[in-house]
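First the structure, in the form of structure tokens, and then the observations on it.
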Amino acid sequence: MPFQIVRNDITKMHVDVIVNTANPMPRYGAGIDSAVYEAAGKDKLLAKRHGIGPIEPGTSVITDGYNLPAKFIIHTVGTAWQGGKAGEEDIIRSCYRSVFDVAVNNNIVSLAIPLLASGSYGFPKGIALRIALSEIEAFMSESDMDVYLVVFDEKSVSLSSELYGDIDEYINDNYVEEKNQEEYPDSYGRNERVRRGTEYVAGGFASAVSSVPGFFKANKTEKRKRKEAELFEESAEDLEELSSLDMCLSAPQLDEERSLEDVVKNLDKTFMELVFSFADAKGLTDVEVQKKANLDRKAFSKLKCGTTKNPSKSTALALAVALELDLDDTQDLLSRAGLALSPCSKQDVIVQYFIEKEAYDIYEINVALFEHGEQLLGTQAS
């Protein structure tokens, strides 16, 4: 899982190495530094730090993890925020780069890092997170290391409104679940069941059914046949009702600028065939698509080879973002997996917001998803 954002106590992370925001002198301070020393065993760790001596700002050193679940600790030293006029950002960027250099030199496979400089150093959270995302993304473009950005509280990642001030307003305007629940409380429970259980009906019931070998064939038991027929009949009735309530399931619309020839030539393509068709058109290699989609090589290989037949919604959206598809092409791609964008899914609404903005940085999108409690795009959703 190449990059994830998690809310956790970093001293409890089961990874090869955790990163500590260290004191430049061989002593420990407050915050994460103090927590790391306490959890690792302060006597042994402090003795080791005395042996290392002072650490220059923007540089990093590695020690054993001692009593931690992590095998090692990388100690990096930042600097205090001084209004942005004293080269503070450059020093924090150097911290990230030196951490990654030390990790690579020590054959680290998985690394957990806090949001550097956002605590006692006083960096504005937005600036600290922008630095983190850009440096992690640059590193991940060349590495297959698993990197976890660990935050302790919700305020640590309240960046979406700073990146895009109108995202909350957009969600409020386009996310219909809460509106339907308020306006149609009696029917909401039924509609919610339909949304969760029959998404494949609106996303292309025929394609979803055809992807299941032997579906509705004689080798199925009569009981199974009856249940499937009942589900389809009930779903059709419920979907008709939902259409009168500003339906949660939306069908892809054809862009007037897309030629009939462009549409027809892609009709017989599978999900991954269409992915590679878009990639070829945009001059992207398989590795570039994999990296931009925040997928590890194994997960991408399974999709490419057909081992994974139908991707999850989050994986499909990750690939749409990686390919920088517009909404029409995104809907087209999703339909090949029996999926569709839905205004009843907050995840879908958030991703749609970024697509409309032509903002295809999957790291920033995942920050917004994380902040709103939604599943991130990429490997962990496969």
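The table for this structure:
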item	result
Over 25 Å [Cα-Cα, segment 260-381], rounded percent	16 percent
Qualifying trypsin sites (Lys or Arg not before Pro) in segment 281-315, DSSP loop, other Cβ atoms within 10 Å at most 16	Lys309
Sparse-neighbour loop sites [trypsin sites (Lys or Arg not before Pro); segment 1-69; at most 15 other C-beta within 10 Å; DSSP]	Arg27
Electrostatic dipole magnitude of segment 3-158 [Cβ: Lys, Arg +1; Asp, Glu -1; Cα centre; debye, to 20]	400 debye
Sum of side-chain charges, Lys302 neighbourhood, beta-carbon under 15 Å (Lys, Arg +1; Asp, Glu -1)	+2
Rounded to 5, the percent of DSSP beta bridges in segment 3-158 classed as antiparallel	25 percent
Under 13 Å, Cβ to Cβ, from Ser110 - net charge with Lys/Arg +1 and Asp/Glu -1	-3
Separation of alpha-carbon centers, segment 348-363 and segment 19-65, rounded to whole Å	39 Å
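The numbers here are math on the coordinates, done by the rules we state, and not lab data. None of the values given here were measured: they were computed from a predicted structure. Note that each Cβ is placed from the backbone with ideal geometry, even for glycine, and that neighbours are counted across all protein chains shown.
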